[in-house]
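Student: Handing you this structure, nothing more for now.
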Amino acid sequence: MDARLARLLRAVTNDDGTGAVWKRLTPDGREVLRLAFAESGELGHCCLADEHVLLGLLRHGASPAAALLQAQGLGLAAARAELLRVGPTLGPAVDPAGALRTLGIEVETVRQRLEMTFGARAVEAAERRVRRRPRWRGGHPRPSPLCAYLLAKRSFEFSAEFADRRGDAGIGPEHLLYGVLQDARDPLGTRLSRRSRRQLTGLGWTPGRPNPLRLLLEAHGLDLNRLAAQLAGS
């Protein structure tokens, strides 16, 4: 199936392109992304991007991927501080979690309680169903600037391809790190659709600027290609 036909089929079925990746995540991979979402929310950023996945990896801390970063002298506190300096992929122009926080509702606390009651898989499945609903049923328009995975979707694709090349059934922290390293090599907006670009630009997103993850790592003297090569050789 060619790429254009695949895109058309995903549009017809309201598939955001991330479902296959979520099914393959290992427990550690799921925890890294849960922490990445937490970092995004705590920073007031409304969408998950490459830099938040890096923060999630460092916050998780218990993987060869995190050990590789820490061995290069990059810790969670330093990464957070550098991200504040270089600026995120998409800033806090729209912050639904912040609005709820003013009412005394902590989104992450609610999510944790839901996961304890129903399980993480059930919560993730419910989120995907809501994203795929038509707007008149309470869903988001597609593709949506508030879709949690829009800015990170390309890195997820790289992660899955890396796992396939290695013959790994699951996608764990090492695959996620490889994915964001590959994605960060290109300017923001690479391979995003024109519609997605228009919607994100309305939220203050600037296409074509260097990926903040790249700027963050280079500020600490880390080379994207060298890190990716170390992961590929491990």
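Student: Would you mind counting up the charge near P64? Only other residues with Cβ under 15 Å from its Cβ, with Lys and Arg at +1 and Asp and Glu at -1. Display every interim value, and only then the final one.
Tutor: Details: positive: R166; negative: D28, E31, D168, E174.
Spelling it out: positives minus negatives among the neighbours equals -3.
Student: Among 166-178, 47-59, what's the highest-first ranking by average C-beta atoms within 10 angstrom per residue?
Tutor: Ranking, from highest mean packing down: 47-59, 166-178.
Student: Follow-up. Given the peptides 181-190, 30-39, 110-119, arrange them by the average over their residues of other C-beta atoms within 10 Å, most packed first.
Tutor: 30-39, 181-190, 110-119
Student: Moving on. Taking 0.36 nm per residue of sequence separation and subtracting the Cα-Cα distance, how much length would be gained by fully extending the chain between E127 and A20, in nm to one decimal?
Tutor: Contour length minus Cα-Cα distance gives 37.1 nm.
Student: Note down the net charge around D183, summing +1 for each Lys or Arg and -1 for each Asp or Glu among other residues with Cβ under 10 Å from its Cβ.
Tutor: +2
Student: Another question about this same structure. At 1.4 Å probe size, with every protein chain present, just tell me what the per residue accessible area of segment 31-90 comes to in Å².
Tutor: On the way: 1900 Å² over 60 residues.
Here the per-residue accessible area is 32 Å².
Student: Can you tell me the length gained on complete extension of the stretch L84 to A232, counting 0.36 nm per residue apart and subtracting the Cα distance?
Tutor: Roughly 50.3 nm would be gained on extension.
The values are calculated or read from the model by the stated rules, or taken from the named source; none is laboratory data. Bear in mind the structure is a predicted one, so any value in this text is a computation, not a measurement. Reconstructed Cβ throughout: ideal geometry from the backbone, glycine too, with neighbour counts over all protein chains shown. Quick note on the areas: whole protein, heavy atoms, side chains included, nothing else; ligands and nucleic acids left out. Shrake-Rupley method; radii C 1.70, N 1.55, O 1.52, S 1.80 Å.
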